[in-house]
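Have a look at the structure below, then the notes.
The values are calculated or read from the model by the stated rules, or taken from the named source; none is laboratory data. Treat the numbers as computed from the prediction; the structure is a model and nothing was measured. Methodologically, a virtual Cβ is constructed for each residue, glycine included, from the backbone with ideal geometry; neighbour enumeration extends over all protein chains shown.
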Amino acid sequence: MRWLTVMVVFSHRTFRWSLTRRNLLWAIGLVLGFWALAMIGSGYGFWATKKIMSFGRLQQETQDQQDQLRSSLDQAQALENEVTALRKQHTELMRLLDPKAPAGTVLPALPGQPSAAPVPPGTQEKLSRLRQDLDYTAKQAAVVRSRMEPVIRAWSHTPSIPPTAGYLSSGFGVRLSPFMRKNESDDGLLGYHSGIDISNTLGTPVQVTADGVVVEAGWMDRYGWGARVRHSEEQETLYAHLNHLNVVLGQKLSRGDILGTMGRSGNATGVHLHYEVRRNGQPVNPQPYLRLQRQWLQAIRKS
């Protein structure tokens, strides 16, 4: 077994270490391994940064999706309006006809118009069938509309879009605390992350993910500057570590409204948004909600 000696000589002191060749190779390997991991991490960070979608694009995508959803959900109302217009035309036609007049007779002319043409045989029967079809279509449209209205209300108050642009830097569930001693839930080194973290540059806008009312706004201890929005009796969302807060307690918000900008206030190791979705007061995984609006739109298109 060969020994290698490493010496560091200062003016008043000399440091000396003796290592076997095997230990030296292990040390070099560890150094190279850590260097490789650092390079991979840096490369991923650069790739993730290149992949960050600007908030302007995210907001435009959100608005386009909402316009398409509203257009799809308003089809039932458009059908009802069309039926109403056709029924009005039908009524006007019926007024032009004398129900007691035999087929082939001449109808009285309207003021300022020439004499009407003879009524073709079977016209009364056709108009009667038309009226029955219109009544049936109107009932169907009313049923569709009554089914759509709860869907519209539920969609408006369900978190279904990303709250901001960026890349996912921390997921939901058990994780190692970035603060070593405590995390956002004060659970210690290994704790429960009650939301997701989305990272981007300082000042990136943050939008509310569904219609709702602000039930908490301001400094929220370890969450820093943040806001909590109630969307329904069951659902709430929380937005934390903001740099700037644009909303106040009791303010009503619509999906897509800007409630603040991304920061690193509170217990935060870097610039990011901590985003939570809560059902009946308990945090749930927000990730399935991020693309819910897009999924609904795709389902409507296929139906």
query: Do we have A210 as assigned by TED's automatic domain parsing to the domain that holds T164 and under 19 Å from S199 (Cα atoms) here?
result: no
- prompt: Can you find a residue in segment 264-280 that is free of Cβ contacts under 8 Å to residues at least 60 places away in the same chain, not in a loop (DSSP other than H, G, I, E, B) and not basic (K, R)?
  reply: no
- request: Output the residues belonging to segment 266-291 that are buried (at least 18 other Cβ atoms within 10 Å of the Cβ) and farther than 20 Å from R153 by Cβ.
  value: G266, N267, A268, V271, H272, L273, H274, Y275, E276, P283, P286, L290
message: What's the total number of residues in segment 240-259 that are within 14 Å of the chain's Cα centre (by Cα) and under 12 Å from P205 (Cβ atoms)?
response: 3
message: Just to confirm my filter: which strands (runs of 3 or more DSSP E) fall fully inside segment 133-251 and include at least 3 residues that are modelled with pLDDT under 85?
response: 173-176, 190-193
